[in-house]
Amino acid sequence: MVAAGAESGTVPVDERHPQIRTRRVAFDWEETPLHWIPGAPVATHLVNAFQILLTTGEKWFIQCVRDALPYVADERLRAEVKGFVGQEMVHSRSHQGVLDRLLARDGLPTAHLTDAAHAKLAERATAMAELARTDPRRFRRRLRFELGAVSAIEHYTAVVGQWIIENDGLDRAGADPTMLDLFRWHGAEEVEHRSVVFDVYTALGGGYPLRAASWAVATALLSLALVQGTFELLRRDPSITVPVTFRRVRRSYRASVRKGHVPAMATMFLREGLTYLRPGHHPSKVCSTEIALEYLRRSPAARAAAGAA
């Protein structure tokens, strides 16, 4: 599928194989408040919990596609994998900056969470290297399952990425513009590379039953991690003086959904899960690269990175 327009404004966009470029963006969090969505601590910390997951999750994505690269013969897909890795490395670094320079500054250090996740990631790398050496067939089976899980998560990040580009609820709420640019730039690049992991999964022989099983596991674990992370941040937030109860959190969350601060997570997981689980699904059939590129043409961070390059 090809859409009219591109980053230059003249070259058509190939939705299945868009150009994947690494933009070495930088963000300054000096003026960003802890509750960067004013009056919405639950929505703020739900997104912050997602940022904690991203710092290590993006590195896991990179490990998976790098493990798969020796089995990918198609040269165009190999080039797309390299572009994907470059983008994900910058994503992880950028969200780590939020944790180190914003959350830690205002009394919410997260190093105990990210250090534990990084340790598990190191264990995973060691285990996979040993499997590749001693049991290549088992290595490929596990790798296919992980690629299926990453592919499912990449579907959601692309959909949420386009949602945050098009949604004006956060602008109307007075959300911090630097944080908005971070997520809109990130979301635009998720739309750009949305097909890569799915195509790698397919290239390694991943089929529909495994795609469905890995989606179910990834969605359950992602949902649980987001809920747990949100509650932990709320309970540790030094500026919140009332008890953090499920009822209060649910009421605030629903209000934020109505105001467009965050998408309705359960509805999105179900609706987009049904899209992802269609037998003939391909990521190029959802989202729009042109919408992503249009934002990247006006993103302050992306424009500054282009100027520096």
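The values are calculated or read from the model by the stated rules, or taken from the named source; none is laboratory data. The structure displayed is predicted, hence computed values, not measured ones. Ideal geometry is used to build each Cβ from the backbone, glycine not excepted, and the neighbour counts take in all protein chains shown.
Tabulated results
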read-out	value
Only listed residue being surrounded by fewer than 21 Cβ atoms within 10 Å (Cβ to Cβ), over 19 Å from ALA152 (Cα atoms) and modelled with pLDDT under 95, chosen from PRO12, PRO33	PRO12
Only one of GLY161, GLY187, GLY206, GLY174 that is surrounded by fewer than 16 Cβ atoms within 10 Å (Cβ to Cβ) and touching a residue at least 40 places away in the same chain (Cβ under 8 Å)	GLY174
Among the candidates ARG140, ARG144, residue that is basic (Lys, Arg), in a helix (DSSP H, G or I), under 23 Å from PHE84 (Cα atoms) and more than 23 Å from the chain's Cα centre (by Cα)	ARG140
Residue in region 76-88 that is outside any helix (DSSP H, G or I) and surrounded by fewer than 17 Cβ atoms within 10 Å (Cβ to Cβ) present	no
Number of the exception - GLN162 against (1) within 17 Å of VAL262 (Cβ to Cβ); (2) in contact with a Lys or Arg (Cβ under 7 Å, 6 or more places away or on another chain); (3) of a type in the set (S, T, N, Q)	(2)
Single residue of LEU108, LEU131 found to be aliphatic (A, V, I, L, M), surrounded by 18 or more Cβ atoms within 10 Å (Cβ to Cβ) and part of a loop (DSSP other than H, G, I, E, B)	LEU108
Of the criteria (1) surrounded by 21 or more Cβ atoms within 10 Å (Cβ to Cβ); (2) acidic (Asp, Glu); (3) in contact (Cβ under 8 Å) with a residue 60 or more places away in the chain, which one GLU58 fails	(3)
Residue that is closer than 30 Å to PRO300 by Cα, of a type in the set (S, T, N, Q) and either more than 16 Å from the chain's Cα centre (by Cα) or at pLDDT 95 or above (or both), where the choices are THR245, THR230	THR230
